[in-house]
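Bear in mind that the values in this text are calculations on the coordinates, not laboratory data. Quick caveat: nothing in here was measured; it's all calculated off a predicted structure. Note that we place each Cβ from the backbone using ideal geometry, even for glycine, and neighbour counts take in every protein chain shown.
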Amino acid sequence: MTQYTDQGKKDTRSGYGAGMTELGRTNPNVVALCADLVGSLKIQDFIDENPERFFQVGIAEANMMGIAAGLTIGGKIPFTGTFANFSTGRVYDQIRQSIAYSDKNVKICASHAGITLGEDGATHQILEDIGLMKMLPGMTVINPCDYNQTKAATLAIAEHHGPVYLRFGRPKVANFTPVDQTFEIGKALLLSPGTDVTIIATGHLVWESLLAAEELENQGISCEVINIHTIKPLDEKAILDSVKKTGCVVTAEEHNYLGGLGESVARTLAQHLPAPQEFVATQDTFGESGTPAQLMEKYGLNNKAVAAAVLKVLKRK
């Protein structure tokens, strides 16, 4: 069904670390800030090679955002690093006022996003961050699907002027996109053509959607799978072109169905091409402690859930 195969499981946060190491060698204006989570953000190599370009802020995330905003005034390109929950919910006022409102060139890089943070539980997991960030005027929101794409996205956002929210995760997941890919902000990727249903996925759910499409193909159902790595700006043309052909859509994301990718797709369809849609996402709930696999199963965020949603939406065509 697809040309994509798992090249070996890797965590997307390590893709961020690899991207930062490369930026440290190629872009002298890039600086890194961290809120006491160097190991979790995988940026030790950047620090070792560029100690004068690293700022350990400690557990003071709001201060980190203010420092990052100030660094842009001198022409630096600051990359802030902490868990997604602390990159958004804890510091929303500072991001809104000091970064988004004044269009500062800060890259807000958020690890351990979604429910796959796992055993640390609901207080450290966040399932609302995409909604929070996409509502900020001028904010670009990116959620890559694997190690290779996260590295490519990290390199790309350094060249983009303006505030960016880059979201990635903790667990080791399938690494299946090209090593040498070019990351184009705002450009969806068609991974597998199909005619019966469109599956639009982001982040960890992209690989799960490919697995679901492969299983459904065995049942005679042709799925078109699209990787939306950039949630804002959204590639509306890619969505509409696909749904015009298939007539229905499933969206899949590791995020609350309120405020995430699914709602952005639904708005696009409501404005231009009303069509049946099913949402694979958390259902307005907080998470809990458990292994990533256990939580993805319980909250319906895996290939089985995507396949079930496809069968449901096909009955609504």
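When only C-alpha pairs under 8 Å and at least 6 residues apart count, what is the relative contact order of the chain, in percent? Numbers along the way, then the final one.
Numbers: 742 pairs, mean separation 58.8, N = 317.
Worked out over the chain, it gives 19 percent.
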Worksheet item: Each residue of the range 196-210 in order: what ³J(HN,Hα) in whole Hz does its phi give by Karplus 6.51 cos²θ - 1.76 cosθ + 1.60, θ = phi - 60°, with x for Gly and Pro?
Response: 8, 7, 9, 10, 10, 10, 9, x, 4, 7, 5, 5, 4, 5, 5
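Which net charge results when you count Lys and Arg as +1 and Asp and Glu as -1 among the other residues whose beta-carbon is under 14 Å from that of His160? Write down the numbers at each step before the final one.
Numbers: positive: Lys104, Lys107, Lys187, Lys232; negative: Asp103, Glu159, Glu184.
Combined, the nearby Lys, Arg, Asp and Glu give +1.
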Worksheet item: Along the charge dipole of the chain, which of Phe279, Asn303, Ile239 sits closest to the positive end, that is, farthest toward it, with unit charges on the beta carbon of Lys, Arg, Asp and Glu (+1, +1, -1, -1)?
Response: Ile239
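Under the classification rounded if a/c is under 1.5, otherwise prolate if a/b is larger than b/c and oblate if not, where does the range 154-278 fall, given a ≥ b ≥ c as square roots of the Cα gyration tensor eigenvalues? Kindly include the intermediate steps, with their values, before the conclusion.
Values: a/c = 1.72, a/b = 1.26, b/c = 1.36.
Taking the square roots of the gyration eigenvalues as a ≥ b ≥ c, the range 154-278 is oblate.
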Worksheet item: Picking from Gly75, Gly24, Gly300, which is most flexible by a Gaussian network model of the chain using Cα springs under 10 Å?
Response: Gly75
Discussion item. Looking only at the chain, where both bridge partners belong to it, what percent of the DSSP beta bridges are antiparallel (to the nearest 5)?
Written reply: 20 percent
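Express in nm, to one decimal, how much length is gained between Glu297 and Thr26 on full extension, taking 0.36 nm for each residue of separation and deducting their alpha carbon distance.
Full extension of this stretch gives 93.4 nm more.
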Item to complete: Treat each spin label as a single point 7 Å out from the Cα along the C-beta direction, and report the Asp48 to Arg267 distance in nm.
Response: 4.4 nm
Discussion item. With an 8 Å Cα cut-off and a minimum separation of 6 or more residues, compute the relative contact order for the range 189-314 in percent.
Written reply: 30 percent
Practice prompt. Whole Å is fine, so just give me how far the alpha carbon centre of the range 254-317 lies from that of the range 72-110.
Written response: 28 Å
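From the square roots a ≥ b ≥ c of the eigenvalues of the alpha-carbon gyration tensor of the range 10-173, which class results: rounded (a/c under 1.5), prolate (a/b over b/c), or oblate? Present the calculation step by step, with values, prior to reporting the outcome.
Working: a/c = 1.38, a/b = 1.07, b/c = 1.29.
Note, shape of the range 10-173 comes out rounded.
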Worksheet item: GNM on the chain, C-alpha springs below 10 Å: top fluctuator among Gln283, Gln94, Gln125?
Response: Gln283
Discussion item. Tell me the angle of helix 261-272 to the major Cα principal axis of the chain, expressed in degrees between 0 and 90 and rounded to the nearest ten.
Written reply: 60 degrees
Worksheet item: Under the definition of Cα pairs under 8 Å and six or more residues apart, what whole-number percent is the relative contact order of the range 111-157?
Response: 21 percent
Discussion item. Considering only C-alpha atoms, what is the centroid distance from the range 124-156 to the range 192-216, in Å?
Written reply: 20 Å
Discussion item. Under the rule a/c < 1.5 gives rounded, and otherwise a/b versus b/c splits prolate from oblate, where does the range 93-185 land using the Cα gyration tensor?
Written reply: oblate
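I'd like the GluC sites (Glu not before Pro) in the range 226-317 restricted to DSSP loop residues with at most 16 other Cβ atoms within 10 Å, sorted by number.
Working: sites: Glu236, Glu253, Glu254, Glu263, Glu278, Glu288, Glu297; in loops: Glu288.
Sparse-neighbourhood loop GluC sites (Glu not before Pro): Glu288.
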Worksheet entry | Phe55 paired with Thr285, simple spin-label distance in nm, labels 7 Å along Cα-to-beta-carbon | 4.1 nm
Worksheet item: Mind checking the angle between helix 303-314 and the chain's longest principal axis? C-alpha axes, 0 to 90 degrees, to the nearest 10.
Response: 50 degrees
Worksheet item: Taking the chain as a Gaussian network, where each spring joins two C-alpha atoms under 10 Å apart, which residue of Arg167, Arg96, Arg13 fluctuates the most?
Response: Arg96
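Quick check: residue separation of Leu258 and Met135 times 0.36 nm, minus the Cα distance between them. What number comes out in nm?
On the way: separation 123, 0.36 × 123 = 44.28 nm, distance 1.25 nm.
Here the segment from Leu258 to Met135 would lengthen by 43.0 nm.
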Practice prompt. Could you tally up the Lys pairs in the range 10-173 with alpha carbons closer than 22 Å? Skip any pair fewer than 8 positions apart unless they're on separate chains.
Written response: 15
